[in-house]
Amino acid sequence: MNPKYRKTIIAGNWKMNMLVSDVKPFVEELKGYIPKTKTCETVLCVPAVNIAAMLKLGKEARIVCGAQDVSKYDKGAYTGEISASQLADAGVKYCIVGHSERREYHNESDMLVNAKTRALIEKGICPIICVGESLEQREMGLTMAHINYQVRAALAGVDVTMLRHCVIAYEPIWAIGTGKTATSDQAEEVCREIRLIIRDMYGARAARSISILYGGSMNAKNAAELLAQPDVDGGLIGGASLKPQDFATIISATGADNE
Ligand code: 13P
């Protein structure tokens, strides 16, 4: 992390978990553990049906509400879709795009990830753009080439002003939900590479200011070491974000003190 230049963000991704009735007890419990800090932004990307409850109840625990997906279209006959305008109108501030689960189970292409990214920025929502290699790609030595391609594709047509409203998350697919975390060296190596790609595309100042998160089996035990890396500015947390105490421990691991 380098809080002097960029925001530290701990974002939870609830995926398809939790009911509306779970939000209140979750926030109540989290409140008891969470450090009162301004140095770390706490985001929870919840299922669409939980957004209203999280917006209403999350404030007490200083939770900023995020979504998990968005349509590339702005309005019209797209049954089942939710637009960036609708998310912005509801009060959502962040939205995950390009998660490997959507790329894999919903065949989302890099072009679609780019369209969603731009739709979000246009409506003032910060995209959390996920990139990451498979185990096979890592073993074949293709990690950096793949990351390079995904980052550039997601940001096609995004200018430097728009980039200020973007966050990138490095999520190696082999580490998601597997309990197999990247070592802090592996996480740092790829997050640093992402920063170099941003520098190449947008210049040194943009590279220094963009927050880059690590995601993939980050938990209460390994968070401190991962977050201590200079180019890891926070975490995107799945399983551990469902447990208030663990999630709060990860927030504390950013070094966030009670103020
Ligand atoms: P886990 O923390 O459960 O591995 O999930 C990571 C993730 O996919 C966050 O988006």
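Provide a single number: the residues in the stretch 14-49 that are among the polar types (S, T, N, Q) and within 16 Å of the ligand (Cβ to nearest atom). I'd like the intermediate steps shown before the answer.
Just the residues of the stretch 14-49 that are among the polar types (S, T, N, Q), to begin with: 17, 21, 37, 39, 42.
Going one step further and asking which of them are within 16 Å of the ligand (Cβ to nearest atom), we end up with 17, 42.
The qualifying residues number 2.
Residue check: is residue 128 part of a strand (DSSP E or B) and either touching a residue at least 24 places away in the same chain (Cβ under 8 Å) or polar (S, T, N, Q) (or both)?
On the way: part of a strand (DSSP E or B): yes; either touching a residue at least 24 places away in the same chain (Cβ under 8 Å) or polar (S, T, N, Q) (or both): yes.
For residue 128, the condition - part of a strand (DSSP E or B) and either touching a residue at least 24 places away in the same chain (Cβ under 8 Å) or polar (S, T, N, Q) (or both) - is met.
So is residue 189 surrounded by 15 or more Cβ atoms within 10 Å (Cβ to Cβ), away from the ligand (no atom under 16 Å from the Cβ) and without any contact (Cβ under 8 Å) to a residue 12 or more places away in the chain or not?
Working: surrounded by 15 or more Cβ atoms within 10 Å (Cβ to Cβ): yes; away from the ligand (no atom under 16 Å from the Cβ): yes; without any contact (Cβ under 8 Å) to a residue 12 or more places away in the chain: yes.
For residue 189, the condition - surrounded by 15 or more Cβ atoms within 10 Å (Cβ to Cβ), away from the ligand (no atom under 16 Å from the Cβ) and without any contact (Cβ under 8 Å) to a residue 12 or more places away in the chain - is met.
Go through the stretch 182-208 and count every residue that is hydrophobic (A, V, I, L, M, F, W, C), assigned to a helix (DSSP H, G or I) and farther than 19 Å from residue 156 by Cα.
Selection size over the stretch 182-208: 3.
May I ask you to list the residues in the stretch 209-259 that are closer than 22 Å to residue 4 by Cα, in contact with a Pro (Cβ under 9 Å, 6 or more places away or on another chain), within 16 Å of the ligand (Cβ to nearest atom) and in a helix (DSSP H, G or I)?
251, the sole residue that qualifies.
Looking at 147, 168 in this structure, which one is at pLDDT 95 or above, more than 12 Å from the ligand (Cβ to nearest atom) and part of a strand (DSSP E or B)?
168
Looking at the stretch 111-121, can you tell me whether even one residue there is within 15 Å of the ligand (Cβ to nearest atom), at pLDDT 95 or above and not in a loop (DSSP other than H, G, I, E, B)?
The initial filter retains those residues of the stretch 111-121 that are within 15 Å of the ligand (Cβ to nearest atom), namely 113.
Pick out the ones that are also at pLDDT 95 or above and you get 113.
Applying the additional criterion that residues be not in a loop (DSSP other than H, G, I, E, B) yields 113.
Within the stretch 111-121, one or more residues are within 15 Å of the ligand (Cβ to nearest atom), at pLDDT 95 or above and not in a loop (DSSP other than H, G, I, E, B).
Determine if the stretch 2-13 includes at least one residue that is within 13 Å of the ligand (Cβ to nearest atom), surrounded by 14 or more Cβ atoms within 10 Å (Cβ to Cβ) and either on the phi > 0 side of the Ramachandran plot or not aliphatic (A, V, I, L, M) (or both).
yes
Which one is surrounded by the fewest Cβ atoms within 10 Å (Cβ to Cβ), of the residues in the stretch 40-66 that are over 18 Å from residue 86 (Cβ atoms) and of a type in the set (A, V, I, L, M, F, W, C)? Steps first, please.
Within the stretch 40-66, the first condition is being over 18 Å from residue 86 (Cβ atoms), and the residues that meet it are 40-44, 57-63.
Subset that is of a type in the set (A, V, I, L, M, F, W, C): 40, 43-44, 57, 61, 63.
Details: 40: 25, 43: 26, 44: 27, 57: 19, 61: 22, 63: 24.
The residue in question is 57.
Of everything in the stretch 50-88 that's part of a helix (DSSP H, G or I) and not aliphatic (A, V, I, L, M), which residue is modelled with the lowest pLDDT?
Applying the first criterion (part of a helix (DSSP H, G or I)) to the stretch 50-88 yields 50-61, 84-88.
From what's left, not aliphatic (A, V, I, L, M): 50, 56, 58-60, 85-86.
Details: 50: 98, 56: 96, 58: 94, 59: 91, 60: 86, 85: 98, 86: 98.
For the stretch 50-88, the residue satisfying everything is 60.
Would it be correct to say that residue 212 is over 15 Å from the mean Cα position of the chain (by Cα), crowded, with 21+ Cβ neighbours inside 10 Å and in contact (Cβ under 8 Å) with a residue 40 or more places away in the chain? Working first, answer last.
Details: over 15 Å from the mean Cα position of the chain (by Cα): no; crowded, with 21+ Cβ neighbours inside 10 Å: yes; in contact (Cβ under 8 Å) with a residue 40 or more places away in the chain: yes.
So residue 212 does not fit the description; no.
Which condition does residue 179 not pass, out of (1) within 16 Å of the ligand (Cβ to nearest atom); (2) buried (at least 21 other Cβ atoms within 10 Å of the Cβ), if it passes all the others?
The single condition residue 179 does not satisfy is (2).
Which of (1) assigned to a helix (DSSP H, G or I); (2) surrounded by fewer than 19 Cβ atoms within 10 Å (Cβ to Cβ); (3) in contact with a strand residue (DSSP E or B) (Cβ under 6 Å, 6 or more places away or on another chain) is the odd one out, the single condition residue 162 does not satisfy?
Among (1) assigned to a helix (DSSP H, G or I); (2) surrounded by fewer than 19 Cβ atoms within 10 Å (Cβ to Cβ); (3) in contact with a strand residue (DSSP E or B) (Cβ under 6 Å, 6 or more places away or on another chain), the lone unmet condition for residue 162 is (3).
The values are calculated or read from the model by the stated rules, or taken from the named source; none is laboratory data. Predicted, not measured: the structure shown is a model, and the values here were computed from it. Counting neighbours? That spans all protein chains shown, and the Cβs are built from the backbone with ideal geometry, glycine included.
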